Every structure is written in structure tokens, then in C-alpha cells.
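Here is the structure we will look at.
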Amino acid sequence: MSTEKAFHICVLPGDGIGVEVTAAAAAVLEATQTYSGGFALTLEHHVAGAGAYRETGIAMSDEAWRAAEDADAIFLGAMGLPDIRFDDGTEIAPQLDLRFKFNLYAGVRPVSAKRGGARMLSDPRAENIDFVLVRESTEGLFASRGKGEVLGDREARDTMVITRQTSERLFAFAFDQARRRKTSSHCNKVTLVDKSNVFVSMAFFRKVFDEVAGTNPEIDAERVYIDACALDFIRRPWDFDVVVTENMFGDILSDLAAGLVGGMGFAPSADIGDERAVFQPAHGSAPDIVGSGRANPTAAILSAAMMLDWLGHRHGVSQCLDAAKLIDKAVEEVFFDGQVRTYDMGGTSSTADLTDAVIEKIKGSQGK
């Protein structure tokens, strides 16, 4: 009798290169479970996104929603196409609908210089960039999605929403992340990013943060205004450990952070709630390079590793945790070897080249 833990994964490849990088991540997951053992993944693919909306008038079918709701985890490629919009001018974005429907309040964006991307900073300390940005994903300015007002073609309004309940959960999550990351080499702190000197909503955000920080005295707490943080991401990014912020601020800062370590092709992410989680590369659908083999699958592959890590912690399956580390290590070794350089790095290695190289590292690790 098999003792493997079985997980059902709802896969939403989405639009553009989302389909290509999802296939790469699926191949790595298959290799990982083959060579690791102890768990089994069943991947169930569903159509969703801007392309689906163009064809059917529905961005995500009831069947796809049911599959997402029933799954142990959701893996998403990329969604949205620039020429397909709702009547109000906004993009088709089921990935945002997933966050709101399943209350995925913690957007997790790891940033690491170890994952192969070109360093944008010449300072040798840039080799030590290794932090996690935790972005609130259901409130803030994004709470106005679909609710904004245009008054007589003379004025437009969107409203920021910050609640105690979500903020408390977000900050508790951020401090827990710092606790998990604690090593002798990490500064082990949580940095709050806000604009509390201007907005009452941000002052409330900071007040709740201070309360949660007070219950975690073993972890340093730092507070930085958003404008100063943007500067410090360039001036001293190696000083950060866990950064926590509002939705819109996190949306902007996470892209800036990705630029420090090679770009969006190296930016994995997860949106996590109390019961469910979605894992996806943070980049867009990049329709201009679809079918060219130029898509960098690193972010998708690392997002798959994040999914295994979450499943492992949630269900107490150590093999999933080991498999996540195996993927991370394989990606690092591939780029350390220098044989693979994707197009966004100035090289000519294709999506398939990188995927195959990571799989070979996974296979090779079994004999060590």
C-alpha cells in the first residue's frame, strides 16, 4: 500500500506565456515528485483569463471555480491581455477575483540574489539581497476594484480600506515569516511600510502593527515611509528581512524589488489565506514573446517550490518541504554553473533549456 500523501492541484495556465511557464513548472514538479517520493500531485488544468473571456464572455467558468475551491492548492500562470478589457477600461483579472473570493490576504514575494538574475547594483553587498515582501492582497486601495466612481466626467474616486481583522492577520503572518527565516545570517526583523504621516488609514495600519509587534518582542520591528522605502530598496536592500505593507504599495515595491535581482522572470509569488493559497509567477502574460521560447520560467518554477513548501507546512508532509528545497537548490545551481542564460539575462537559453537544466540537477541530486 502506498504511503504517499496525495494532493489535488487546480492549474490555471491563463494567457500568453502563462501557458508556457506553467508547462515548465509542471515538468519540474513531476520530476521532483518522481525523484523525491512521499507525495503525489494530480494536476487538473482549467481555462481561465482574458482569452477565455474573449471566446466565451466568461473569464472563469463555474467549473473552474469549483475546481479551485475543491483543490489542495491553486497554481496560476499569468492572466490578462492588453487588448481585452471590461467596458470600464480595466483588465480581465481572475487572479484578483481569486484573492477576494478566497480571502487570500497575504501576498508573499520572495526576493533573492541567489536565484540567478543579473544584479542591478554594483555594491558587493547586493549578493546578500534576501528578503520577503508580504503584501496585503484584499484591502487597501485594491478594495475599490469594481467600486470606483466617476462623477460627471469631472472627478473619479477610489477608496482605501484598512480593517483591524485583516491587518492583525497580515502582521501575525509577517512575524511568523520572520520567525521561520531566523538564521545567524539574517537580521531577523519585520519592516512596516506605510504613509502614516499623511493618511489616517495608514496611521491606523501602523497602530495595529505596533500592537502585533508588541506580542513578538523577540523580533525587531522597523517602520519606514513608502517613499523612504523605495529609496532604501536601492540604497540598502540587503538590510531587509520581512517587509509588510498595504496592497498598492506592495504591488509597486515588489516589482522594484524584482528589478534588483534580475527582473520579473525571477519573481515567484503566493497569495495565502487561512484555508487556501494561489501560487504564480509575479510577471504578466507578455503576449509579445508568446511562442518564441524566450519566456523565463524561473519565477513559475520557484512558485511551484513555494506551493510544495506551503503544502508541506500545512499538512505536515516533510517530503514536500524537502522537495521545495530541492527545486530551490537546483535553480541556484543551474545559474551558478553559468551554462544557462535566458533572454532576459542577455543570453539565448530557451524556456525548455532552463527547464531541462533544472530537471537534470534534480535528477543528479539523488546520488549525492
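Laboratory data are not the source of any read-out in this text; all were calculated from the coordinates shown. Because the structure is predicted, anything quoted here is derived from the model rather than measured. No Cβ is skipped: glycine too gets one built from the backbone with ideal geometry, and neighbour counts run over all protein chains shown.
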Exercise. What is the spin-label model distance, in nm, from residue 348 to residue 83 if the labels are put 7 Å beyond Cα along the C-beta direction?
Worked result: 3.1
Exercise. Can you give the translational diffusion coefficient of the chain in µm²/s, computed by Stokes-Einstein from the Kirkwood radius over Cα pairs at 37 °C and 0.692 mPa s?
Worked result: 156
Exercise. What are the lysines whose alpha-carbon lies under 24 Å from the alpha-carbon of residue 101, with same-chain residues fewer than 8 places away excluded?
Worked result: 147
For this session: Multiply the residue gap between residue 8 and residue 365 by 0.36 nm, knock off their C-alpha separation, and tell me the result in nm, one decimal place.
Result: 125.9 nm
Exercise. Mind checking which of 206, 157, 125 has the largest fluctuation in a GNM of the chain, springs on alpha carbons under 10 Å?
Worked result: 157
Problem set entry | DSSP-defined beta bridges in region 120-260 - what % are antiparallel, rounded to 5 | 20
Seminar exercise, completed: Over its alpha-carbon atoms, region 120-260 yields an Rg and a Dmax in Å of 16.1, 58
For this session: Taking only Cα atoms and a 10 Å spring cutoff, compute GNM fluctuations for the chain and point out the largest among 181, 276, 154.
Result: 154
Exercise. Based on DSSP H runs of at least 4 residues, each adding -39500 (n - 2.57), what is the mean residue ellipticity at 222 nm of the chain after dividing by all its residues, to the nearest 500 deg cm²/dmol?
Worked result: -13500 deg cm²/dmol
Exercise. Nearest 20 debye, what's the magnitude of the dipole of region 83-180 about its Cα centre given +1 on Lys and Arg Cβ and -1 on Asp and Glu Cβ?
Worked result: 580
For this session: Could you go through region 225-239 in sequence order and give the Karplus-derived ³J(HN,Hα) for each residue, using 6.51 cos²θ - 1.76 cosθ + 1.60 with θ = phi - 60°, rounded to whole Hz, and x for Gly and Pro?
Result: 6, 4, 5, 5, 5, 4, 5, 5, 4, 8, 7, 8, x, 6, 8
Exercise. For the pair residue 339 and residue 156, what calculated FRET efficiency results from E = 1/(1 + (r/R0)^6), where r is the Cβ-Cβ distance and R0 = 35 Å, to the nearest 0.05?
Worked result: 0.10
Problem set entry | Between region 83-103 and region 31-55, the alpha-carbon center distance in angstrom | 21
Seminar exercise, completed: Taking Lys and Arg as +1 and Asp and Glu as -1, residues besides residue 255 with C-beta under 12 Å from its C-beta add up to +1
Problem set entry | Segment residue 187-residue 168, extension gain: residue separation times 0.36 nm, minus the distance between their alpha carbons | 4.6 nm
For this session: Please identify, among 163, 355, 342, the residue showing maximal mean-square fluctuation in a Gaussian network model of the chain using a 10 angstrom Cα cutoff.
Result: 163
Problem set entry | Local electrostatic count, residue 140, Cβ distance below 10 Å [Lys/Arg +1, Asp/Glu -1] | -3
Exercise. Hey, got the dipole for the chain? About the Cα centre, +1 on K and R Cβ, -1 on D and E Cβ, debye to the nearest 20?
Worked result: 880
Problem set entry | Label-point separation in nm, residue 231 to residue 128, each point 7 Å along Cα→Cβ | 2.2
Seminar exercise, completed: For the pair residue 218 and residue 318, the simple spin-label estimate (label points 7 Å beyond Cα toward Cβ) gives in nm 2.1
Exercise. Counting alpha carbon pairs within less than 8 Å and at least 6 residues apart, what relative contact order, in whole percent, applies to the chain?
Worked result: 22
Exercise. Among 250, 231, 201, whose Cα sits farthest toward the positive end of the charge dipole of region 120-260 (+1 at Cβ of Lys/Arg, -1 at Cβ of Asp/Glu, about the Cα centre)?
Worked result: 201
Seminar exercise, completed: For residue 77, the net charge from surrounding residues (Cβ-Cβ under 15 Å; K, R +1; D, E -1) works out to -4
For this session: Would you please give the FRET efficiency between residue 43 and residue 211, computed as 1/(1 + (r/R0)^6) with r the Cβ-Cβ distance and R0 = 51 Å, to the nearest 0.05?
Result: 0.80
